[in-house]
Every structure is written in C-alpha cells, then in structure tokens.
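Below is one structure, written out as structure tokens; the observations come after it.
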C-alpha cells in the first residue's frame, strides 16, 4: 500500500466512523445497563475536564484582554471583566500591526512558492522516478528533522553575502528552501495515489512532461494544495528562530518576534500583552476553524510516511 | 525520442530543489562542523584551527551539563505525557460520543498556535506579574500556597540527597554520580512540559485516532466472540497494531524536544539556576549574544548528532517499509 493511501484512508476513516455512529443499532445501542451508564458518565466527565484544560488559555486570553487597565489586578485575574473594554486590542494592534503585516507579506508568498515547488518535486519523485530517486528523497526528508541551529551560523553568513540578511525577501527564501522537504513529501505521497496507467495512456497519446502535469495531475491537486498551503502558512507564520536570528531590525520583524518582545517589556500592560497574543494567533486559528480537516490531513501527512 | 526529452526535463525541474537542499542543508552542516573546530570567538570570523577545543570547553561548562540534564528530563516527561494523554483521548473520542467533532477541535486547536503564543499565555497562567517569589495565577485558581508552589520560578532540583539510605547504597556500589544534582529533576522544567503537552498532545491524539479507525472492526469482534474483555482486546489486539504510530509519534515528539527553543524563550529563558535552560538557548546565546561562534557551532553539532541518532534509523526503517509495501 502506498503511503498516500494510508493518509487518505485515515482521513476517510475519521469521517466514515462519524456517520456510522449515528446509525441506530450500532454498538452503543445495545450496551445499556447501570455499569455502562456509569462508565459513560465518567467518560464525559473526563472529556469535559480535558476540554477545560485545553480551553483555559483561551479563557484567560479573552478575559484578560477584554479588561480595562484599571481592572487588571492579579487577585482578580480569573474573574470575568465587569465591562467590555476593547482598548487593549487597539493598543496591541497599534504596537503589532506593522509586524502583523510583515508576517502576512512573509507567510503568503512563502506558502505559495513552497507549494508550487513541492508540487513539481512531488510529481517528479512519484511519477518520473530515476536511478537513486528513492535515496535522493530520503536525503531530502532528513532536512525537515535537522535542528536549524546546525545551519544557522553559516546561513547568516550566506544571507549577508548575498545581501538578503535582515530583509523579508531573505526570510521568504529561507522558508522556501527549508520547506522543500515537507512540501515534497506531502505532494509525492499525494501523487503516488494517482494511477500510473492514467499517465501511461496520456504518454501514448503524445503528451509530454508538462502537458501531463497540467492536464492530469494539476486538476486532481486542489486538496493537496490546500493541505500544503495551510501547512506552510502555519509553520512560516509561527516561526520564531529564523526570524529572530536573521532579522535584527524591528521594522522587519514578523509578529512572533514582536509579540515576544512586547510580552517581555514593562511598558505594555497585561491586557495589552494578552490582546497581542490573541491577535498573533488569529490567522492560524481562523484557518483551523474554517479548514480544520485539511489542517488535520497535513498533520497526518507530515508524520505517517511508511 | 519523446521519452528521453521528458526525462531530461523532469531532472531539470527537480534539480534546483536538490541543489538547494544539498547546499543549504548538507553544505551548511559541513560548514558548521568546520566552524566548530576553529577559534572564531569575536564578531569577526577567525579560522585559526583549535581542534576539538570548543567541544572540550562546552563539556567543561556546567551550564551545558545542566542543559543535557534538562533535555533528558524534558524529553522523557514530554513524550510520556503526550503519548499517554493522546492515547487516552483517542480511545475516549473513538467511543461514539456526542459532539465528537467539537471535542476533536478543542483537543487539536493548540497545534495551530505558535510556541511563542503558547509560552506567553502559559507564563501568564503559571507565573503572572513580577513577584517571582509568590506567583498567583494557577495557585490562586486552585487555592494553592504560592510560597510553596513556585512553578516556573521554582529553582529546586529534585535529586537524591546525602542523608538518604539510597545515597549511601549508591555510593557504596560505585554509582555515586547518580546522586549529583546534574542527574535530578528541575521542578521549573515541568511547567514547560505542561505547556508543551498542552500544545502537542492533540497531535498524538489525531495520530492514534486515525490508527484506531483503520483497525477493522471484525478483528475486535472476533476477540469479543472469544469472550475477551474490552481491556484485553485493547492490550492484545489494538495496542500492538498501533505500534508503528507510537514509534512515529515518539520520533516526532523526540526531535521536537531535542531542539525546543521558542517555548522556553517565551516562558522563562534560562529559568532560575538554569532550571529551564536548553542546548538550543545555550547555542543561540553563546553564538549570537556572546559572539563565541566556534563554541556555538560545537553545541549545534552535538544537537544535530542527538537528533540524527533518533531520526536516521527511523528514516531508513520508514523507507524500507515503503519499498516492501
């Protein structure tokens, strides 16, 4: 079984099971009785406890950021605000908006370029295998596990040498290069699931490399692109290490670096820091809420390789 | 010859990516390795060879030894907690519960947030404000005594003390080194683990859930017909089938914990007495703050070696599995 099949199957299994559970006469229906009822209660109790743990940071973010500066005392930090005050968001946005825009200017092009590269790489490694292509693929994959500290020192040298140190373009380049392993992996596994006979037939009809890509692969690639775009947008948006090392100038900082700086400062009050954290998290959270299943598919694709 | 022309095109298309990875991954790793053997200890590059001098000096530095201890503690606690919680949640979600989609989203959403945001919020929960000696936050929520529960600002390291019988025994059998504070558990690190598990356990849950649902129902049904209890079915039928997922999750979590950086930067930096210091932070400060590029490169190479020990066998195993399949 090809690896892409594993990924796709798991995604379908997740959905299929939900449907099955709604059907009457499934296992849930005939497991009545007191013991079953008690274990059901314990199950929900545990789930709610875990949910409370996962949601606690969101709660504290919201209540703190909605408080006015007079209300943010530590002894009342878990209490709801007595009145809604959006002043903290205005202040946080004033402090972070240039960096927020930097992050957009960084993450969108990086995600788009990465996906295109990943797509053609995946096409070659899945459908135009050459001698040693499996070894090349494994060697590329290693690149997504390395601690970036192991390349950071010479990387700063290279970036200064080519005049891109400190610039957003330079950071885009870096994210595109170090994104090659994961984007190639996802697309390669994705394309491996497309029957090769389809391509052979097109070849017989005289279609060439690009023609096959355009007329067969690309039309089937939409969800693959969504998965990879989300994955790359997320990792670039959330990156801190490359940005803090390669961008010394505050003007060009992405929002993660600016937020870390804001939260460490004594100037911004707590409600402003929390509002800033919420602002910095909003784009990726929105994507998760709207396109959650593609996000989850990316998580699965990035790990289940075998 | 149409086919050969396409073959050439296909190689030309992938060549830039191969070249980029060759130069920026492998080339720069080799270059870092070289820097780790030269003097370079100011802002200006200085390529005077010093052999393994940089490695000797970082291993002579107690901060680095503490970092190794912290990494081991973090890795073990982080992996154990994430796997346990992930597996538990996946099994609960798999029990045909109401509102499955909502619970799943609540468990996974932290994956969409950056370590910086996670760190900023959890720091605020565990140790808000400037009064490090009496942190409010979570203590206030549960009515705990802030002078005794310091969380992130707790400098204590739990280790085997000199007055204990275990200490005597270990020293008498020549294992006295195990009683060093450098083998202990720094309490503040557990707060970082809490935040990291909050962020990553949903990922493990999703992996296990996908695995659970790929197991054919007939297999479990057959065991049920034989009269096996649900626990025995899980122990002897389900869990063995999840082994590849457990392994993948361990590798992925393990390599994350070996290079953890953003989270500790946002939460506590080095922490009290380097209780939350990590090799990644040590590398960054040594290199880019103190200008000791040679030593920073040596730390980086050791980090790479640790990750490679974990990841390379996994990659080879993984590729072999796919070729066999």
For a quick check: sort B:89, A:104 by the number of other beta carbons within 10 angstrom, fewest at the front.
A:104, B:89
Order of A:78, A:270 - criterion: other Cβ atoms within 10 Å of each residue's Cβ, fewest first:
A:78, A:270
Whole-number percent relative contact order across region B:66-324, with pairs defined as alpha carbons under 8 Å at least 6 apart
28
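Take every residue in peptide A:119-130, count the Cβ atoms of other chains within 10 Å of its Cβ, and give the average of those counts.
Working: counts 0, 5, 6, 1, 3, 9, 3, 0, 1, 7, 1, 4.
If you average over the peptide's residues, the count of other-chain Cβ atoms is 3.
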Residues of B:275-281, mean number of Cβ from any other protein chain within 10 Å of their own Cβ, rounded to a whole number?
1
Which residue fluctuates most in the GNM of chain B (Cα springs below 10 Å): B:208, B:26, B:47?
B:26
Could you order peptides A:207-220, B:104-117 by the average number of other Cβ atoms within 10 Å of their residues, highest first?
B:104-117, A:207-220
Could you tell me how far the Cα centroid of region B:253-325 sits from the Cα centroid of region A:54-107, in Å?
32
Output field shielding_mean for A:52-60 (other chain Cβ, 10 Å radius) holds 6
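Once the Cα gyration tensor of region A:122-197 is found, what semi-axes does its equivalent ellipsoid get, as square roots of 5 times the eigenvalues, in whole Å, sorted largest first?
Working: eigenvalues 185, 34, 21 Å².
Ellipsoid half-lengths, sorted descending, are 30, 13, 10 Å.
In what sequence, highest mean first, do A:58-69, B:118-129, A:124-135, B:168-179 appear when ranked by Cβ atoms within 10 angstrom? All intermediate terms of the calculation are to be shown ahead of the outcome.
Details: A:58-69: 19.6, B:118-129: 23.8, A:124-135: 16.4, B:168-179: 12.1.
My ranking of the peptides, most packed first, is B:118-129, A:58-69, A:124-135, B:168-179.
Listing A:235, A:70 from the residue with the fewest other Cβ atoms within 10 Å to the one with the most, what is the order? Don't skip to the end; give the middle numbers.
Values: A:235 21, A:70 8.
If I rank by nearby Cβ atoms, fewest first, I get A:70, A:235.
Quick note: the coordinates plus some simple rules give every number you see, no bench work behind them. Keep in mind that what you see is a predicted model, and the values were worked out from it rather than measured. With ideal geometry, Cβ positions are generated from the backbone for all residues, glycine too; neighbour counts draw on all protein chains shown.
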